[in-house]
Ligand SMILES: *[C@@H]1O[C@H](CO)[C@@H](O)[C@H](O)[C@H]1NC(C)=O
Ligand SMILES: *[C@@H]1O[C@H](CO)[C@@H](O)[C@H](O)[C@H]1NC(C)=O
Ligand SMILES: *[C@@H]1O[C@H](CO)[C@@H](O)[C@H](O)[C@H]1NC(C)=O
């Protein structure tokens, strides 16, 4: 009798445990044994010249369909990848792409120069990319753009689109045709230990562009390109940018904003502990001079070092690249922008420039402990339609 009860209890226990495991197994794949897909086992060739796109895609298809945590492994070596789109929705929200090698884009820019992007993650949740080098091979396209020939726009090396919970750690992006990395329509993206590099004269090779995204963090990274190191487009909020070395390049930019009439703005951005070296701008907010519903607010630029920067601190609400520039008052509202603990050297006589909208003056601009020099002299500050306060040492003296 006692044995029967014991056995019955055991059966219930086993049953309960079974149900528990069943429930906890999916959708919590981390509990199951992780599976690994090595691209070389799937046919990729580390010879730098055989297109390995198919092997990468087949690894992705397996990882994406797997219900347990999955790793795609790219060993050392150079893998030519013509293009790769890693699309969801997946059954898996724990995919790691572990890269020890280098992915090389085709050097012929006609192959994907009009495709928009080269390596793409779209509609994915819970993807980590660890290590690796992406070589965009942009040199020939830049030369084409520099000549009077007509050339393709160029591809972004890495696009992460409409995705959540993404980690990119220790990735190097070299010589992209166009923007190196674009994050668009995402939530909760973290990057750390990134290296982004292209020559200072390479056209439109922005380092990292964030647009239409909420919750982006980048830490401990080195970015030098021919355009903005980091740029933040409309409809973005809750961004944290810390411990970055920027240069060469055009600095860290919020904007350009207000290119269109109906537009959501940028808010809650912290840019902290950044060294700018030989850049065109340091910390910049830029908007077009035309009507718009857009805004930039609740922005903190804290603890920056400027080394020979042309425009260390700038708000430019008359932003325009070439000809056909609009010349209305910008509709973009710029409010609550703090510049705190910013030191170093300006490469021009005007180190601080606030060129705000005549219709919507900048308000709540705060300068605190800012000390910039120009050829060992005191540079100047220029203000148009800018209101705010200064405290601590502020050099050039505030024009607010
Ligand atoms: C997810 O799992 C279902 C059921 O096993 C399968 O039919 C489907 O193809 C899987 N989805 C993907 C993206 O692999
Ligand atoms: C493009 O041409 C300009 C002017 O000749 C030159 O200064 C620059 O270095 C060139 N850029 C590239 C990427 O070749
Ligand atoms: C601002 O953004 C940070 C992340 O950078 C986040 O932790 C914080 O909660 C956000 N604040 C508000 C008020 O949303």
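For the stretch 80-95, check the following and say yes or no: at least one residue is part of a loop (DSSP other than H, G, I, E, B), within 16 Å of ligand 2 (Cβ to nearest atom) and in contact (Cβ under 8 Å) with a residue 60 or more places away in the chain. Checked against the condition, which is being part of a loop (DSSP other than H, G, I, E, B), within 16 Å of ligand 2 (Cβ to nearest atom) and in contact (Cβ under 8 Å) with a residue 60 or more places away in the chain, the stretch 80-95 yields no hits at all. For the stretch 31-45, a residue qualifies if it is part of a loop (DSSP other than H, G, I, E, B) and modelled with pLDDT of 95 or more, and the qualifying residues are 39, 40, 41, 42, 43, 44, 45. Filtering the stretch 46-71 down to residues that are in contact with a helix residue (DSSP H, G or I) (Cβ under 7 Å, 6 or more places away or on another chain) and modelled with pLDDT of 95 or more, which residue is nearest to ligand 2 (Cβ to nearest atom)? Applying the filter and picking the extreme gives 70.
Taking the stretch 63-82 as the range and being buried (at least 22 other Cβ atoms within 10 Å of the Cβ) and farther than 25 Å from residue 112 by Cα as the test, the residues that pass are 63, 70. When 305, 299 are checked against the criterion of being at pLDDT 95 or above, closer than 26 Å to residue 202 by Cα and under 22 Å from the mean Cα position of the chain (by Cα), 305 stands alone in meeting it.
Conditions (1) crowded, with 19+ Cβ neighbours inside 10 Å; (2) farther than 16 Å from residue 309 by Cβ, marked per residue:
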| site | (1), (2) |
| --- | --- |
| 364 | no, yes |
| 368 | no, yes |
| 372 | yes, no |
| 376 | no, no |
| 381 | yes, no |
| 388 | yes, yes |
| 392 | no, yes |
| 396 | yes, no |
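Tell me which residues, restricted to the stretch 74-94, are under 15 Å from residue 63 (Cα atoms) and over 20 Å from the mean Cα position of the chain (by Cα). Result: 74, 88, 89, 90, 91, 92, 93, 94.
Does at least one position in the stretch 140-162 carry a residue that is within 16 Å of ligand 1 (Cβ to nearest atom) and surrounded by fewer than 22 Cβ atoms within 10 Å (Cβ to Cβ)? The answer is yes, given that some residue of the stretch 140-162 is within 16 Å of ligand 1 (Cβ to nearest atom) and surrounded by fewer than 22 Cβ atoms within 10 Å (Cβ to Cβ).
Among the residues of the stretch 83-122, those identified as within 20 Å of residue 173 (Cβ to Cβ), in contact with a helix residue (DSSP H, G or I) (Cβ under 8 Å, 6 or more places away or on another chain) and either modelled with pLDDT under 95 or surrounded by fewer than 17 Cβ atoms within 10 Å (Cβ to Cβ) (or both) are 107, 108. Out of 226, 211, 233, 255, I need the residue that is modelled with pLDDT of 95 or more, within 16 Å of ligand 2 (Cβ to nearest atom) and closer than 19 Å to residue 156 by Cβ. Which one? Sole residue among the options that is modelled with pLDDT of 95 or more, within 16 Å of ligand 2 (Cβ to nearest atom) and closer than 19 Å to residue 156 by Cβ: 226.
Tell me whether the stretch 318-333 contains one or more residues that are closer than 19 Å to residue 279 by Cβ, crowded, with 19+ Cβ neighbours inside 10 Å and touching a residue at least 60 places away in the same chain (Cβ under 8 Å).
There is at least one residue in the stretch 318-333 that is closer than 19 Å to residue 279 by Cβ, crowded, with 19+ Cβ neighbours inside 10 Å and touching a residue at least 60 places away in the same chain (Cβ under 8 Å).
The values are calculated or read from the model by the stated rules, or taken from the named source; none is laboratory data. Values in this document were obtained by computation on a predicted structure and should not be read as measured data. Cβ atoms come from the backbone with ideal geometry, glycine included; neighbour counts cover every protein chain shown.
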